[in-house]
Amino acid sequence: MIQIPKGCKDVLPSQVYAWHKIEDTARKIAASYAFKEIRTPVFEHTELFARGVGDTTDIVNKEMYTFLDKGGRSVTLRPEGTAGVARAFLEHGLTGGVMPFKAYYLISAFRYERPQAGRLREFHQFGCELYGAAGPAADAEVISLADGFLKALGLKEVSLELNSIGCKQCRARYHAALKAYFAPHIGEMCADCRVRFEKNPMRILDCKEEGCRAVAAGAPRMLEYLCDDCRAHFDGVQALLKEAGVAFTVDPSIVRGLDYYSRTVFEFVSAAAGAQGTVLGGGRYDTLLEQVGGKSVPAVGFAAGMERLLMVMEAENCLPRQEEGVACYLAGMDEAARQKAFLLAADLRRAGVSCEVDLMDRSVKAQFKYADKTGARFVAVLGERELEEGAAEVKDMKNSCAERVKFQELANYIQRRT
Ligand code: HAM
């Protein structure tokens, strides 16, 4: 038997209702902040991610699904949503449009990672991106949106961790300090970190290897190196979040796994998600648009991992109840009744009432069993007598009461009670 590729998951009809809850909540909260949906391709030119996400990241170096298409072009399945949105924003000349530009997306993304609970090779994100606003209010708005989203899902055990990784200028001083700190420990670090030491020493702080983590624990913190402007920006974000009632802690160890960030970075973390505790991450990325070939536009955004949200929702007992079955199942006792049920079903659907009829030539008893199992709210039974009378025997599956209802009144009857 052919099996699903490693690190992927099917979502069966019996599970999809929980996804709908996340998607509906995402769309509602995004709309309440005037974010509009954007859809970009599942694959892009590889160069977009190499330049955007950054060639010192694990994502670009180890995790991308990259292949040559039949025209010999190198393309990559998107490992995240931000770079594609940035490309579309530039390509459609939206830099000259109404600002701020606010877009959200619900997408699948692909990373060749070692699968484990909460870490998949195909996963899904809800993300928001805001372009054009450089001040701390934009950071606070995006973070409030993220916070509101998680709260609307019913999550309580999620905490927000905030940091600033400064701008190009203050980071240069920080990199020098990091290099001075790591230089005597280079022999204790993994091969990747030795490369990171040369190319981007801040990446060492994100290494998962035990030895590197031990060394990194004593490394200087970016917050001590912030320039005056970055410090003022970070103070501004914190003050606005406090005013908005968004609880957070400053965690100087957060550096994020993508290279495009500057200034504010943040993660919403849950103990319920186990080792993969970050359910949502984001930050400011004022240089990305320039990096991928456009003019400089300040930007800030985030993405939440839907599979991780599901894990946390389950652990916190806030998965929604399973969606219900149809409003009305039409059971036919004989061939003539089945035919009438088929026609009545079409009328009911036109009136907006969801319904089902038997497609398996089952006995009435078996049809009832099916209706009960699938959660039909009412069952309308049709037999010889019912056809003569032009009325169905309608059983309320919640309390087992039954009533005679004229065919032409059936839609109304069901609608009033569902
Ligand atoms: P990220 O932190 O790489 O950021 O991913 C965001 C979220 O996607 C993570 O917090 C996690 O919940 C989920 N996620 C990431 N990788 C996996 C995986 N292999 N399996 C399951 N879930 C995963 C970004 O992607 C940025 N584009 C976020 C952003 C938007 N920053 C600014 N705008």
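Per-structure values
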{"item": "First in region 253-280 and farther than 20 Å from Phe123 by Cβ, second anywhere and at pLDDT below 95 and near the ligand (Cβ under 7 Å from one of its atoms), Cβ under 6 Å, 6 or more apart", "result": "Val265/Arg256"}
{"item": "Helices (runs of 4 or more DSSP H) enclosed by region 346-418 - at least 3 residues per element that are touching a residue at least 60 places away in the same chain (Cβ under 8 Å) and on the phi < 0 side of the Ramachandran plot", "result": "410-417"}
{"item": "Given (1) buried (at least 17 other Cβ atoms within 10 Å of the Cβ); (2) more than 10 Å from the ligand (Cβ to nearest atom), number of the condition Tyr261 does not satisfy", "result": "(2)"}
{"item": "Region 204-252: number of residues that are open to solvent by 60 Å² or more (accessible area, probe 1.4 Å), of a type in the set (Gly, Ala, Ser) and at pLDDT below 95", "result": "2"}
{"item": "Any hit, region 155-171, residues being open to solvent by less than 60 Å² (accessible area, probe 1.4 Å) and farther than 19 Å from Ile254 by Cα", "result": "yes"}
{"item": "Filtered residues of region 125-163 (kept if in contact with a Leu (Cβ under 7 Å, 6 or more places away or on another chain), more than 11 Å from the ligand (Cβ to nearest atom) and either more than 28 Å from Leu226 (Cβ to Cβ) or not assigned by TED's automatic domain parsing to the domain that holds Gly245 (or both))", "result": "Leu153"}
{"item": "Count of region 43-83 residues which are under 30 Å from Pro136 (Cα atoms), of a type in the set (Gly, Ala, Ser) and in contact with a helix residue (DSSP H, G or I) (Cβ under 7 Å, 6 or more places away or on another chain)", "result": "4"}
{"item": "Any chance Glu307 is closer than 27 Å to Pro136 by Cα and not in a loop (DSSP other than H, G, I, E, B)", "result": "no"}
{"item": "Residues that are under 19 Å from Leu145 (Cα atoms) and of a type in the set (A, V, I, L, M, F, W, C), drawn from region 219-249", "result": "Phe234, Val237, Ala239, Leu240, Leu241, Ala244, Val246, Ala247, Phe248"}
{"item": "Options Glu113, Glu63, Glu44, Glu122; residue that is more than 10 Å from the ligand (Cβ to nearest atom) and either on the phi < 0 side of the Ramachandran plot or not assigned by TED's automatic domain parsing to the domain that holds Gln291 (or both)", "result": "Glu44"}
{"item": "Filter result for the condition that a residue is more than 13 Å from Glu80 (Cα to Cα) and away from the ligand (no atom under 16 Å from the Cβ), over Ala31, Ala26, Ala18", "result": "Ala31"}
{"item": "Qualifying residue in region 159-175 (condition: over 29 Å from Val195 (Cα atoms) and either out of contact with any Pro (no Cβ under 7 Å at 6 or more places or on another chain) or touching a residue at least 40 places away in the same chain (Cβ under 8 Å) (or both))", "result": "yes"}
{"item": "Qualifying residue in region 311-320 (condition: within 10 Å of the ligand (Cβ to nearest atom) and farther than 30 Å from Leu410 by Cα)", "result": "yes"}
{"item": "Extreme residue, farthest from the ligand (Cβ to nearest atom), among residues of region 266-296 that are open to solvent by less than 10 Å² (accessible area, probe 1.4 Å) and within 29 Å of Gly93 (Cβ to Cβ)", "result": "Leu289"}
{"item": "Cβ-Cβ under 6 Å pairs, at least 6 apart or on other chains, region 105-130 side touching a residue at least 40 places away in the same chain (Cβ under 8 Å), far side β-branched (Val, Ile, Thr)", "result": "Tyr105/Ile38; Gln125/Ile107; Glu129/Val85; Leu130/Val142; Leu130/Val300"}
{"item": "Flag if Leu106 is out of contact with any Ser or Thr (no Cβ under 7 Å at 6 or more places or on another chain), of a type in the set (A, V, I, L, M) and farther than 27 Å from Ile204 by Cα", "result": "yes"}
{"item": "Those residues of region 227-262 which are of a type outside the set (A, V, I, L, M, F, W, C) and in contact with a Phe, Trp or Tyr (Cβ under 8 Å, 6 or more places away or on another chain), in sequence order", "result": "Gln238, Tyr260, Tyr261, Ser262"}
{"item": "Number of positions in region 9-48 that are under 25 Å from Leu319 (Cα atoms), open to solvent by less than 70 Å² (accessible area, probe 1.4 Å) and of a type in the set (A, V, I, L, M, F, W, C)", "result": "9"}
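The rows are residues; the columns are (1) within 23 Å of Val158 (Cα to Cα); (2) not assigned by TED's automatic domain parsing to the domain that holds Arg78.
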| site | (1), (2) |
| --- | --- |
| Pro184 | no, yes |
| Gly187 | no, yes |
| Met202 | no, yes |
| Lys208 | yes, yes |
| Pro220 | no, yes |
| Thr249 | yes, no |
| Asp259 | no, no |
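The values are calculated or read from the model by the stated rules, or taken from the named source; none is laboratory data. Values in this document were obtained by computation on a predicted structure and should not be read as measured data. Note: ideal-geometry Cβ built from the backbone for every residue, glycine included; neighbour counts use all protein chains shown. Remember, those area values only see protein heavy atoms, side chains included, never the ligands or the DNA or RNA. Shrake-Rupley method; radii C 1.70, N 1.55, O 1.52, S 1.80 Å.
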